[in-house]
Amino acid sequence: MSHTEPVVLISEADVARRVEALAQTIAPRIDDDTVVVCLLSGGIWFAADLTRALARLGRLVAFDALWLASYKDERQSSGRCEVRADLQRPIAGRTALVVDDVFDTGLSLSEASRLVRDSGAGKVLTAVFARKPWLTPRAMEPDFVAWEAPSRFLVGYGMDVAGKMRGLPYIGAMD
């Protein structure tokens, strides 16, 4: 089976620059007791780079993950989230920074924020690498955004098509 090569929208170097800039914005708003909560699976690339960038700025945060599923290998969200794996470390009273690759419908980030808040987090902040435009108001908006994305089908840097292309070091479009 052949596949079409994506059109590169953001190079690997530009991804790195945007993550560093975002870390500089986030660092003053968190402390070393902060728990970064990565949304799996797409958020792992951004979360890894962001936590390393925060460490370079002296913010040695804890790491946890939350696995929510809403796409099921489809291009469109199923409209509801299923929790496949919950938080593994105590979060009560701590600042949580929920991190995801892309903010599209807002469903995953909104549900993750609710779950983290319900787990007792003292403060919940959210960060996404890419925010796609949306015609109607979403339930929430992220606190930190590295890139205002176009309304295109994105792949790479955690974003996928049927589970593939997440590992591309750049962000491309498949439309």
Which pairs do you get when a residue that is under 16 Å from Thr105 (Cα atoms) and part of a strand (DSSP E or B), found in segment 143-159, comes within reach of a residue that is at pLDDT below 95 and small (Gly, Ala, Ser), reach meaning Cβ atoms under 7 angstrom, with the pair 6+ apart or on two chains?
-> Met159/Gly42
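Here's the yes/no breakdown for (1) within 16 Å of Val98 (Cβ to Cβ); (2) buried (at least 16 other Cβ atoms within 10 Å of the Cβ); (3) not aliphatic (A, V, I, L, M):
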site: Ala27; (1), (2), (3): no, yes, no
site: Asp32; (1), (2), (3): no, no, yes
site: Val35; (1), (2), (3): yes, yes, no
site: Leu40; (1), (2), (3): yes, yes, no
site: Leu50; (1), (2), (3): yes, yes, no
site: Ala53; (1), (2), (3): no, yes, no
site: Ala62; (1), (2), (3): yes, yes, no
Flagged pairs (Cβ under 8 angstrom, 6 or more apart or on separate chains; first in segment 1-25, under 17 Å from Arg152 (Cβ atoms) and assigned to a helix (DSSP H, G or I); second among the aliphatic types (A, V, I, L, M) and modelled with pLDDT of 95 or more) are Val15/Ile171
Considering segment 100-132, residues that are within 12 Å of the chain's Cα centre (by Cα) and charged (D, E, K, R), and then whichever is modelled with the lowest pLDDT, we arrive at Asp104
Of the criteria (1) more than 25 Å from Val124 (Cα to Cα); (2) modelled with pLDDT under 90; (3) surrounded by 13 or more Cβ atoms within 10 Å (Cβ to Cβ), which one Pro6 fails | (2)
Would you pick out the residues in segment 31-67 that are assigned to a loop (DSSP other than H, G, I, E, B) and hydroxyl-bearing (Ser, Thr, Tyr)?
-> Thr34, Ser41
Kindly establish whether Arg94 is touching a residue at least 60 places away in the same chain (Cβ under 8 Å) and in contact with a Ser or Thr (Cβ under 8 Å, 6 or more places away or on another chain).
-> yes
Among (1) out of contact with any strand residue (DSSP E or B) (no Cβ under 6 Å at 6 or more places or on another chain); (2) part of a helix (DSSP H, G or I); (3) free of Cβ contacts under 8 Å to residues at least 40 places away in the same chain, the one test that Arg117 misses = (1)
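The values are calculated or read from the model by the stated rules, or taken from the named source; none is laboratory data. Keep in mind the model is a prediction, meaning the values are calculated, not measured. Cβ: placed from backbone, ideal geometry, glycine included. Neighbour counts: every protein chain shown.
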